[in-house]
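A.B. asks: My questions all concern the structure below.
The values are calculated or read from the model by the stated rules, or taken from the named source; none is laboratory data. Please read all numbers here as calculations on a predicted model, not as lab measurements. Every residue, glycine among them, receives a Cβ derived from its backbone with ideal geometry; neighbour counts consider all protein chains shown. Quick note on the areas: whole protein, heavy atoms, side chains included, nothing else; ligands and nucleic acids left out. Shrake-Rupley method; radii C 1.70, N 1.55, O 1.52, S 1.80 Å.
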Amino acid sequence: MIPRLVVTSGEPAGIGPDILLAAAAKPQPAQLVGLGDKALLAARAQQLALDVTLVPIAAPRHRPTQPGELPVIDVPLAVASQPGTLDPRNASQVLAQLDLAIELCRSRECQGMVTAPVQKSVINDAGIPFSGHTEYLATLVMQRCVMLLVSGDLRVALATTHLPLRDVPDAINQPLIEHTLAVIRSGALATVWH
């Protein structure tokens with residue numbers, strides 16, 4: 001059976017919805033389940049002239065999907081969104097996508113998650129402390145997570161995340177490296193970018 005991946009659409013005013021729709025338009029080695037505002041995704045697909053059929057679902061289920069078909073769990077926006085126009089009122093929707101993605105992975109309804117980009121400053125402007133996906137996911141699962149960057153056969157795991165570059169040398173030490181390697185070996189990777 002092919003794996004099922006839950007894919008967040010990220011910041012509604014950003015490129016995340018476009019990435020999700022473009023991925024759904026092509027053959028994938030996994031079944032994708034999208035999270036986001038269904039109306040926004042439909043409008044974006046039309047704006048981008050992508051032939052993607054959104055299939056509303058309440059929960060993931062094993063069903064064959066074809067390229068151009070995207071099962072979507074609707075996570076409604078607080079307010080309408082336009083590309084390039086950020087609105088802190090939608091910050092809770094962005095985080096609700098992450099919360100639901102974790103829930104779907106914990107329940108084993110999905111075997112992994114892919115997170116679209118978010119705008120940290122907009123989430124912070126909404127009064128929510130947020131430094132990034134990796135830290136947010138680590139807090140929710142109550143364990144250390146590691147960000148893994150992937151391109152083809154190349155894999156790069158980060159020992160530190162979201163620090164000013166000048167602080168990185170002081171943050172790296174042997175226990176941190178050993179812990180990061182242990183997390184990688186265990187498979188508890190928080191974020192994969194491809």
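A.B. asks: Count charges around PRO83 for me, please; just the other residues with Cβ under 9 Å from its Cβ, Lys/Arg as +1, Asp/Glu as -1.
C.D. replies: Working: positive: ARG44; negative: ASP18.
Summing Lys and Arg as +1 and Asp and Glu as -1 gives 0.
A.B. asks: In what sequence, highest mean first, do 3-14, 66-77, 112-123 appear when ranked by Cβ atoms within 10 angstrom?
C.D. replies: 3-14, 112-123, 66-77
A.B. asks: Let me spell out the model: positive unit charges on the Cβ of Lys and Arg, negative unit charges on the Cβ of Asp and Glu, origin at the Cα centre of the stretch 1-159. What dipole size does that give, in debye rounded to 20? Please list the in-between numbers first.
C.D. replies: Numbers: 12 positive and 13 negative charges, 77 e Å.
For the stretch 1-159, the charge dipole is close to 380 debye.
A.B. asks: In debye, nearest 20, what is the charge dipole magnitude of the stretch 1-91 about its Cα centre with +1 on Lys and Arg Cβ and -1 on Asp and Glu Cβ, if you could check? Provide the component values of the computation, followed by the final result.
C.D. replies: Values: 7 positive and 7 negative charges, 56 e Å.
It works out to roughly 260 debye.
A.B. asks: Quick check: net charge around GLU135, other residues with Cβ under 12 Å of its Cβ, Lys/Arg +1 and Asp/Glu -1?
C.D. replies: Values: positive: LYS120, ARG144; negative: none.
Surrounding charge for GLU135 is +2.
A.B. asks: I would also like to ask the following. With every protein chain left in place, what is the accessible area of HIS179 in Å² (1.4 Å probe, nearest 10)?
C.D. replies: For HIS179, the solvent-accessible surface is approximately 90 Å².
A.B. asks: For the stretch 1-107, what is the Kirkwood estimate of the hydrodynamic radius, computed as the reciprocal of the mean inverse distance between distinct Cα atoms, to one decimal in Å? Could you put the intermediate results ahead of the total?
C.D. replies: Values: mean 1/r = 0.0726 Å⁻¹.
The answer is 13.8 Å.
A.B. asks: If you take every DSSP beta bridge whose two residues both sit in the stretch 77-194, what share of them, in percent to the nearest 5, is antiparallel? Don't skip to the end; give the middle numbers.
C.D. replies: Details: 5 of 9 bridges.
Percent antiparallel among DSSP bridges in the stretch 77-194 is about 55.
A.B. asks: What number, rounded to the nearest 500 deg cm²/dmol, is the helix-based mean residue ellipticity at 222 nm of the chain, given -39500 (n - 2.57) per DSSP H run of at least four residues and division by all its residues? Before the final figure, lay out each step's value.
C.D. replies: Working: 7 runs with 67 residues, N = 194.
It comes out at -10000 deg cm²/dmol, rounded to the nearest 500.
A.B. asks: Right, something else. Could you order peptides 161-167, 147-153 by the average number of other Cβ atoms within 10 Å of their residues, highest first?
C.D. replies: On the way: 161-167: 10.4, 147-153: 12.3.
Highest mean packing first, the order is 147-153, 161-167.
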